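A.B. asks: The structure's right below; bear with me while I get my questions together.
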Amino acid sequence: MSKGRILVADDEKVITNSLQKILTDSGYDVAICATGEEVTQQLNAFNPDLVLLDIYLGDSHGIQILKQMRIDGWEIPFIMMTGFADVSLAVQAMKEGAADFVLKPFDLAHLLVLIEKNLKQVHLQAKVKVLQEEVEHQRLRSGLIGSSQEIKRVLDVAERLAQGETTTVLLEGESGTGKELVARFIHDRSFRQDQPFVTLNCAAIPKDLAESEFFGYEKGAFTGATERMKEGKFELANRGTILLDEIGELSLDMQVKLLRVLEGKKFYRLGGGREISVDVRVIGATNRNLLREVEAGRFREDLFYRLNVASIYIPPLRERKDDIAALVQAFVHEFAKRFNKIAPMVSPEASQFLKGLRWKGNVRELRNAIERVMLLRDVQVLTVEHFAFLGGVQNRAHHKMPGLDQEMLLRIPADGIQMNEVLKDLLLKTFEITKGNQVQAAKILGVTRSKLRYKMEQLGIQPEERMYRVKS
C-alpha cells in the first residue's frame, strides 16, 4: 500500500530521477516534472499529497507557482528546494504558505523525515475535517426522526425553550423515548451550543459517591480520593448544559444539595473550602411521574417546582406510530453502513407489522430490533418473517429459532431429557450458525454476552478454533 503521492518539480533531471527512485523505494507513488506549466498539469492529473518544488524551475519561479497554487485552493504541503542558502528566500516562501524549506545537496534522511511529518499532518487534518463534518451533520439533525404531529409539537416547544438561556427544563417520558436527544436538541439550538453538554445518569451513581460525581472533590476528601483534585459534572458543564437523567432516582439528601445549586449556582467540592460558581443550564429527565413522587414523599416539592419551570412530555412510540416507518428506514440505513451491507427494502407487510406492535421499550427497542435483523440477515427485502422474534407472527407451521431461517424443532424423548442437554444443543447449534461469533450468538439468543459466557462455562462448552465443543 502506497504511503502517499509525491510530485517532484525540478529542472535538473539528475535530481528528479534520483528522488523518484529513492521515494519509490521508500513506498511512495512519485510523479516528476520540469516546468511550471507541467506542475499545474500534474497537480490536476496526479492529485499529489505533497509537492517538492524547486525555487528556480526553468523560466518559472517556484514561489510564484506556490502563491498561485494557494490562490487556486491547493492546501497540500509544498516543500521548497533550492541550491542557494538565501534566508530571505526561505522567509518569503514560508510567508506564501510553504510547509518547509530544504537546501541542496539534500540530507536524504532529513528530507524523508520532513516528508513523513508533513504527510502525517495532512492525514490528521483530513480526519479532523471528516469529524467536523460529522459533528455539523449531527448538529443539523435533531436526532428525533419522524413527521407526526406529536413529534413536531415536541420539537416546536424544544426550539422555543432553547432560547431561554438559563431556563430549567424537565423532560418527561418513558424509557427509550429519546429524552437525551431532546436535551441535546435544546442545547444545540441555544446560545450555549459551542459549550460542553454533560450527561449525568442519577440512577447509575452509588449513593455514597453522588456528591463527588455532582460537585467533585479535593484530595483526601474520602478514602480513595488520591488525585490532587477532581472536577464534578457541574464544573465540567460550566457555561454549557448539564442533563440530569433519571433525576427521580436521587436520594432526598442529594435533592437538598441539588436545590441549593439550582438556586445559587454555587457549591463546594467535597472536602473543599472554596465556593465555586458556575453558569450552567440544567435539564432534568425522568420516566417517573414526579408529582406523584412528591405526594408519596419521595421527591421534594420545592425541587420539583424549581425543575418544572418548563416541561416537555415526550410521547411513547405507540402514540406516534406514523413515525415508525421513517424510524425503520433510518435505522436500516444506519446499520447497513455500520455493517458494510447494502440497505434492504422493507416490505409493506413488515412495515405494517412493526407499526402494529406495542413497543414497550419505545424507539430504543425498535432500534435494537433493526440492529439484530441487519446483523443476521443478508437479504434484499426484509419481510414479516425476519421479525418473528418480536412475537405476534401468526400461521407459522413450526416454531423457528428467533432471528434465524432454520427451523428449530424440539422433540422430547418418551423417557425425558435433561434441560442442560437441551441448552447445550441450543447453544452449539447457534454457534454453528454464527461460526463461533459470541456477540452474534448472544443477539440471536436474546441475552448479554456475559450471560452467554457464564452459561457456556456452566455447560462445559469451550471454544476450539472458532467452533465449539462440549468439554469431556
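A.B. asks: Quick one: what pairs do we get from the range 239-251, first residue under 18 Å from residue 265 (Cβ atoms) and at pLDDT below 95, second of a type in the set (S, T, N, Q) and open to solvent by 10 Å² or more (accessible area, probe 1.4 Å), C-beta under 6 Å, 6+ apart or different chains?
C.D. replies: 239/195; 240/195
A.B. asks: Find the residue count for the range 266-303, including only residues that are under 32 Å from the mean Cα position of the chain (by Cα), over 24 Å from residue 361 (Cβ atoms) and open to solvent by 50 Å² or more (accessible area, probe 1.4 Å).
C.D. replies: 2
A.B. asks: Follow-up question, since we're still on this one. Can we say residue 424 is at pLDDT 75 or above and open to solvent by 50 Å² or more (accessible area, probe 1.4 Å)?
C.D. replies: no
A.B. asks: If the Cβ limit is 8 Å and pairs must be 6+ apart or interchain, which residue in the range 311-336 that is under 19 Å from residue 149 (Cα atoms) and of a type in the set (Lys, Arg) pairs with which residue that is in a helix (DSSP H, G or I) and open to solvent by 30 Å² or more (accessible area, probe 1.4 Å)?
C.D. replies: What qualifies is 320/150; 321/355.
A.B. asks: Follow-up question, since we're still on this one. With the structure loaded, tell me whether residue 260 is of a type outside the set (A, V, I, L, M) and more than 22 Å from residue 234 (Cα to Cα) or whether it fails that test.
C.D. replies: no
A.B. asks: Further, regarding this structure: Output the residues belonging to the range 73-110 that are at pLDDT 90 or above and open to solvent by 90 Å² or more (accessible area, probe 1.4 Å).
C.D. replies: Within the range 73-110, just 110 meets the criteria.
A.B. asks: Given the range 261-368, what helices (runs of 4 or more DSSP H) lie entirely inside it while holding 3 or more residues that are among the β-branched types (Val, Ile, Thr)?
C.D. replies: 324-338
A.B. asks: Condition check: more than 30 Å from residue 377 (Cα to Cα) and out of contact with any Lys or Arg (no Cβ under 9 Å at 6 or more places or on another chain). Does residue 275 satisfy that?
C.D. replies: no
The values are calculated or read from the model by the stated rules, or taken from the named source; none is laboratory data. None of these values were measured; they are calculated from a predicted model. When we count neighbours, we look across all protein chains shown, and the Cβ atoms used for this are built from the backbone with ideal geometry, even at glycine. Surface accessibility is based on the protein's heavy atoms, side chains included, excluding ligands, DNA and RNA. Shrake-Rupley method; radii C 1.70, N 1.55, O 1.52, S 1.80 Å.
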